[in-house]
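First the structure, in the form of structure tokens, and then the observations on it.
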Amino acid sequence: QKEVEQNSGPLSVPEGAIASLNCTYSDRVSQSFFWYRQYSGKSPELIMSIYSNGDKEDGRFTAQLNKASQYVSLLIRDSQPSDSATYLCAVTRSSNTGKLIFGQGTTLQVKP
Amino acid sequence: SQTIHQWPATLVQPVGSPLSLECTVEGTSNPNLYWYRQAAGRGLQLLFYSVGIGQISSEVPQNLSASRPQDRQFILSSKKLLLSDSGFYLCAWRPTGATNEKLFFGSGTQLSVL
């Protein structure tokens, strides 16, 4: 079982719709959770971080964490074509080393 | 402000040749440094991390090595490249003692081993 799992997609949504990206993790002691956006050929860019159960909103993005279910998600409201990218879920267990474990990423396509 | 530099941006190397990728961070002291690799269509795999000069931890057995000769310099090397070493290599840093684990990535090196 992979430590962090994501559906590779592609996930296709129309412009203006809500895109829902999901991620599960296997290690119950995971402490911190991140969503990175990566455009093709570019380095990942942090868009959301979440540390406690519940929802965290930042503009059009909402991260949701459920530690009991070992599940973290990212909602993108009013999706735009510029949101088309690969979204990487990452978790960390230790705050000392900062080692992030990444999922394989979900490719999102927002169609005009 | 802090910046991270990684070079070269692209590299094509024959099988069996050596490799040296360099990463430097400016504007901070004693950062945690990381090397990740991303194979085509795959997620990021942590290769090495370092919490200080000369301190290197390897995450996976492989054909690569890392060194940190200076506080803000991190080097990824190989004596003989394999086809399987192809991928997108990313250097990243994080402030030491940070209470969160936000990583800041360099621009990456696309390595093709032929």
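The values are calculated or read from the model by the stated rules, or taken from the named source; none is laboratory data. Note that the coordinates shown come from a computational prediction; the quantities given were computed from them, not determined experimentally. Positions of Cβ are generated from backbone atoms using ideal geometry, with glycine treated the same way; all protein chains shown enter the neighbour counts. Note: areas computed on protein heavy atoms with side chains; ligands, DNA, RNA excluded. Shrake-Rupley method; radii C 1.70, N 1.55, O 1.52, S 1.80 Å.
Quick look at the values:
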| item | result |
| --- | --- |
| Gyration tensor verdict on chain A (Cα atoms; rounded if a/c is under 1.5, prolate if a/b is larger than b/c, oblate otherwise) | prolate |
| Distance (nanometres) between label positions extended 7 Å along Cα→Cβ at residue A:3 and residue B:3 | 3.2 nm |
| Hz values of 3J(HN,Hα) by residue in the range B:62-74 - Karplus curve (6.51, -1.76, 1.60), Gly and Pro given as x | 6, 8, 10, 9, 9, 9, 10, x, 9, 3, 10, 10, 9 |
| Over chain B, relative contact order from alpha-carbon pairs under 8 Å, at least 6 apart, % | 36 percent |
| Gaussian network model of chain A, Cα within-10 Å springs - most flexible of A:19, A:68, A:85 | A:68 |
| Semi-axes of the equivalent ellipsoid for chain B, Cα gyration tensor, largest first, Å | 23, 14, 13 |
| Number of partner chain Cβ atoms within 10 Å, mean per residue of A:28-39 | 2 |
| Charge dipole magnitude, Cβ of K and R +1, D and E -1 - chain B, Cα centre, debye nearest 20 | 140 debye |
| Contact order relative to length of the range A:53-97, as percent, for alpha carbon pairs under 8 angstrom and 6 or more apart | 24 percent |
| Debye, to nearest 20: dipole size of the range A:36-112, +1 on Lys, Arg Cβ, -1 on Asp, Glu Cβ | 220 debye |
| Equivalent ellipsoid dimensions for the range A:19-72 as semi-axes, Å, which come from the Cα gyration tensor, largest first | 20, 14, 10 |
| Dipole moment magnitude, nearest 20 debye, the protein assembly as shown about Cα centre, only Lys, Arg, Asp, Glu C-beta charged | 340 debye |
| Diffusion constant of the range B:1-64 at 10 °C, which comes from Stokes-Einstein with the Kirkwood Cα-pair radius and 1.306 mPa s, µm²/s | 115 µm²/s |
| Lysine pairs with alpha-carbon atoms under 20 Å apart, the protein assembly as shown, spacing 8 or more or separate chains | 8 |
| Between B and A, accessible area buried - total, square angstrom, nearest 100, 1.4 angstrom probe | 1600 Å² |
| More than 29 Å apart - percent of Cα-Cα pairs taken over the protein assembly as shown | 28 percent |
